[in-house]
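Everything on this sheet refers to the single structure shown next.
The values are calculated or read from the model by the stated rules, or taken from the named source; none is laboratory data. Only a predicted model underlies this, so the values are computations on that prediction, with no experimental measurement involved. Glycine gets a Cβ as well: all are built from the backbone with ideal geometry, and neighbour counts include every protein chain shown.
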Amino acid sequence: MLLLDLVLIAAASAFAYSLGAHYTGACMGMPYAAGAIRLIPALLLMAPFVLVGAVFASGAVETTVGHGILLAPTVAIPLAVAIVVSAFVLTAAYNFVAIPTSTIQILVFSAVGAGLASGVGIHWSTIETLVAVWAAAPFAACGLGFALTRLLDRWGRKSGTDRPGTGLGRYVALALVGVGSAASFAMGANDVANSSGALVMTGLFGLTAAGLIGGIGMALGVLTWGRPLLRRVAFDVVKLDPRTAAASQLAQSSVILVSVSFGYFTSMNQALIGAMIGAGLARPGGAVVRKTVRDVLSGWAAGPVSGATLGFALTLLFRAVHLL
């Protein structure tokens, strides 16, 4: 079993690496698009915030993934491998075609598929709660993005600063970088459990150690493979000015951190796209690029189905070769 333990740790680390790359646009897309920070400095700033969030703020979500999805005190190593490998393969595939998807939904439904194939029971109440959170988060972010944009517009009119079409002011640039950093921290707390939750559910590691392993993998993914998604989210989804960028990123990180505080994780990309749509609706000039949004929505729809299918199939394969 030592070999399978190592396989699980390697798979979880590789998945964490993929996650770090996948969510660069969701965290630093707004400040980068607005010109508040350049690409490489954005990635260099994002990585440590992701690591800190993963290590120190992910415990509640890791507990949900580790003990709240499958009805088993501990999960067999091969079953955990099937879950993580399924989620990792699908996330990497979506990364390759540069479509932001919900890795959280992929991971959860990979676990559901694996549980059904192995005969392990499912905490359906947890799944129902997560689905409700996933459904509500984009709308909450949309409303918050709309309200924050209107608030910042009012402040801009009163102060006479940061008018649409003018250069990016120093304080607005700092604010954008600040909310991007907050989003990076939220991403570490929210998403590390996608990879490290499997280490918790098997009992191999405690919450902090699992978060550290996943956090290191995510930080490395940000630094080495994060550019394509950062560019796509930054420039292909919505036409931004500084205030809509700040409002979108702040709305997203607020929704994520509230969710994490209750022990539930939700999609960084869904929250961001919702916030960007809200900001676009508040500003006539902030037009949403509808084709890209349709592509993203297609990826979200495919994620749970593909996760459940691959998790189920891989678990059946492991049973066929007597690993389960």
### Query
So, in segment 252-276, of the ones that are in a loop (DSSP other than H, G, I, E, B) and hydrophobic (A, V, I, L, M, F, W, C), which residue ends up surrounded by the most Cβ atoms within 10 Å (Cβ to Cβ)?
PHE265
### Summary
With the first residue restricted to segment 17-28 and required to be in contact (Cβ under 8 Å) with a residue 60 or more places away in the chain and part of a helix (DSSP H, G or I), and the second required to be buried (at least 24 other Cβ atoms within 10 Å of the Cβ) and of a type in the set (Asp, Glu), Cβ contacts under 6 Å at 6 or more apart or on different chains are LEU19/ASP191
### Task
Report yes if some residue within segment 167-183 is touching a residue at least 40 places away in the same chain (Cβ under 8 Å) and not in a helix (DSSP H, G or I); otherwise report no.
yes
### Task
Out of the residues in segment 25-84 that are crowded, with 19+ Cβ neighbours inside 10 Å and among the hydroxyl-bearing types (Ser, Thr, Tyr), state the one that is farthest from the chain's Cα centre (by Cα).
TYR32
### Task
Of the numbered conditions (1) farther than 18 Å from ASP191 by Cβ; (2) crowded, with 18+ Cβ neighbours inside 10 Å; (3) in contact with a strand residue (DSSP E or B) (Cβ under 9 Å, 6 or more places away or on another chain), GLY121 fails exactly one; give the number of that condition.
(2)
### Query
Somewhere in segment 233-248, is a residue modelled with pLDDT of 85 or more and of a type in the set (Ser, Thr, Tyr)?
yes
### Task
Could you tell me whether GLY311 is modelled with pLDDT under 95 and not in a strand (DSSP E or B)?
no
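Only one residue in GLY285, GLY280, GLY217 is at pLDDT below 95 and assigned to a helix (DSSP H, G or I). Which one?
Details: GLY285 fails: assigned to a helix (DSSP H, G or I); GLY217 fails: at pLDDT below 95.
Criteria check complete, one pass: GLY280.
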### Task
Can you tell me which residue among ALA111, ALA98 is surrounded by fewer than 21 Cβ atoms within 10 Å (Cβ to Cβ) and either at pLDDT 95 or above or of a type outside the set (S, T, N, Q) (or both)?
ALA98
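Taking into account only those residues within segment 151-165 that are in a helix (DSSP H, G or I) and crowded, with 16+ Cβ neighbours inside 10 Å, which is modelled with the lowest pLDDT? First the steps, then the outcome.
Going residue by residue through segment 151-165, those that are in a helix (DSSP H, G or I) are 151-159.
Remaining after also requiring crowded, with 16+ Cβ neighbours inside 10 Å: 152-153, 156.
On the way: LEU152: 86, ASP153: 85, GLY156: 75.
Looking at residues that are in a helix (DSSP H, G or I) and crowded, with 16+ Cβ neighbours inside 10 Å, I get GLY156.
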